[in-house]
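K.L.:
Below you'll find the structure I mean.
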Amino acid sequence: MRPVVIFRFSGGDEPGHFTEWLDAAGLPWRLVALDQGAPVPADAEAFAGIGMMGGPMSVNDALPWVAPIETLLRKAVVAGVPVIGHCLGGQLLAKALGAKVARARNPEIGWIPVEVCAGAEEWFPGRREFTTFEWHYEGFELPTGATRVLANAFHVNQAFVLEGRHVGLQGHIEMTCDIARHWVAAAADELPAQATATTQPATEILRDLELRVATLNAVAGGVYARWSQGLRR
């Protein structure tokens, strides 16, 4: 079987539970570390699917890999190669498909509630809402033809699905305890001293971390299982 290719844009923004789930499902994967100068592959059909992780940069920055990634994503959509993007990855998918990505009115940092939109039950079985992990300053609009599947009061477009196989997520369902602790330690200056409606201090992010991560991993498992149904074998 062809591997799932996973793009890492920044050291520390690891695949986390995404690759844990792929390993448990017996699905091969290949990491492309763009943060270490790896080139963007040209052939989308060489892969069973395409996964993209997060990063502190903007999709609107003049980075050398942005245009090649966007070209690859458009090829994947045309060829029916499933794409899943987490946070920056979701924004890249949206931008590649012609949607606007811009500074959000409110940043979201920490454990943030989201609602499952009507008709999205196959991606989030048995759930009407859940708490996801977020750390972003920008947000995406919906690409033409995409369906909103997650929303909340702060950013209406929390996730979208296109053609039943391509997924753009604003949050980090791939979160693990190690990743959360690393981000809090590495970017402590971004965290507020007191919680706001959309941002949390380190103490709140790390509170009940193991339970929160395990609960989110269960949500992610449903998303990954549904997404994997479209993988090219």
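The values are calculated or read from the model by the stated rules, or taken from the named source; none is laboratory data. The model shown is predicted, which means the values in this text are computed figures rather than measured ones. So basically every Cβ, Gly included, is an ideal-geometry build from the backbone, and we count neighbours across all protein chains shown.
K.L.:
GLU108 fails exactly one of the following numbered conditions: (1) assigned to a loop (DSSP other than H, G, I, E, B); (2) buried (at least 24 other Cβ atoms within 10 Å of the Cβ). What is the number of that condition?
P.N.:
All conditions are met except number (1).
K.L.:
Looking only at the range 34-60, count how many residues are over 19 Å from PRO82 (Cα atoms) and more than 16 Å from the chain's Cα centre (by Cα).
P.N.:
Number of matching residues: 7.
K.L.:
Output the residues belonging to the range 105-117 that are modelled with pLDDT of 95 or more and touching a Ser or Thr at 6+ places or on another chain (Cβ under 9 Å).
P.N.:
Those that are modelled with pLDDT of 95 or more and touching a Ser or Thr at 6+ places or on another chain (Cβ under 9 Å): PRO107, GLU108, ILE109, GLY110, TRP111, ILE112, PRO113, VAL114, CYS117.
K.L.:
Output yes when any residue across the range 2-10 is surrounded by fewer than 19 Cβ atoms within 10 Å (Cβ to Cβ), farther than 25 Å from ALA99 by Cβ and free of Cβ contacts under 8 Å to residues at least 40 places away in the same chain, and no when none is.
P.N.:
no
K.L.:
Only residues that are assigned to a loop (DSSP other than H, G, I, E, B) and within 16 Å of GLY85 (Cα to Cα): list them for the range 61-71, please.
P.N.:
Once the filter is applied, which keeps residues that are assigned to a loop (DSSP other than H, G, I, E, B) and within 16 Å of GLY85 (Cα to Cα), the range 61-71 yields only TRP65.
K.L.:
Assess whether ILE84 counts as being in contact with a His (Cβ under 9 Å, 6 or more places away or on another chain) and either in a helix (DSSP H, G or I) or surrounded by 15 or more Cβ atoms within 10 Å (Cβ to Cβ) (or both).
P.N.:
Spelling it out, ILE84 is indeed in contact with a His (Cβ under 9 Å, 6 or more places away or on another chain) and either in a helix (DSSP H, G or I) or surrounded by 15 or more Cβ atoms within 10 Å (Cβ to Cβ) (or both).
K.L.:
Under 6 Å between Cβ atoms, which residue pairs at least 6 apart in sequence (or on different chains) link something in the range 15-27 that is over 13 Å from GLY222 (Cβ atoms) with a partner that is assigned to a helix (DSSP H, G or I) and of a type outside the set (Asp, Glu)?
P.N.:
Matching pairs, first to second residue: GLY16/ILE179.
K.L.:
Sticking with this one: Please go through the range 143-178 and give me each residue that is touching a Cys at 6+ places or on another chain (Cβ under 7 Å) and among the charged types (D, E, K, R), ordered by number.
P.N.:
ARG148 - this is the single residue of the range 143-178 that is touching a Cys at 6+ places or on another chain (Cβ under 7 Å) and among the charged types (D, E, K, R).
K.L.:
Still on this structure, please answer the following. Checking GLU134 against (1) assigned to a loop (DSSP other than H, G, I, E, B); (2) under 15 Å from the mean Cα position of the chain (by Cα), which test does it fail?
P.N.:
Among (1) assigned to a loop (DSSP other than H, G, I, E, B); (2) under 15 Å from the mean Cα position of the chain (by Cα), the lone unmet condition for GLU134 is (1).
K.L.:
State the number of residues belonging to the range 25-42 that are over 10 Å from PHE7 (Cα atoms) and buried (at least 17 other Cβ atoms within 10 Å of the Cβ).
P.N.:
Number of matching residues: 2.
K.L.:
Which one of ALA180, ALA195, ALA225, ALA202 is surrounded by 12 or more Cβ atoms within 10 Å (Cβ to Cβ), within 19 Å of LEU88 (Cα to Cα) and not charged (D, E, K, R)?
P.N.:
Result: ALA180 is the single residue among ALA180, ALA195, ALA225, ALA202 that is surrounded by 12 or more Cβ atoms within 10 Å (Cβ to Cβ), within 19 Å of LEU88 (Cα to Cα) and not charged (D, E, K, R).
K.L.:
Can you tell me which of (1) crowded, with 19+ Cβ neighbours inside 10 Å; (2) touching a helix residue (DSSP H, G or I) at 6+ places or on another chain (Cβ under 6 Å); (3) over 24 Å from GLU14 (Cβ atoms) is the one PRO125 doesn't meet?
P.N.:
Only one criterion is unmet by PRO125, namely (1).
K.L.:
Within the range 140-148, is there a residue that is in contact with a helix residue (DSSP H, G or I) (Cβ under 9 Å, 6 or more places away or on another chain), within 18 Å of PRO56 (Cβ to Cβ), touching a residue at least 24 places away in the same chain (Cβ under 8 Å) and assigned to a strand (DSSP E or B)?
P.N.:
The answer is yes; a qualifying residue exists.
K.L.:
What's the number of the condition PRO41 fails, among (1) touching a residue at least 40 places away in the same chain (Cβ under 8 Å); (2) assigned to a loop (DSSP other than H, G, I, E, B)?
P.N.:
(1)
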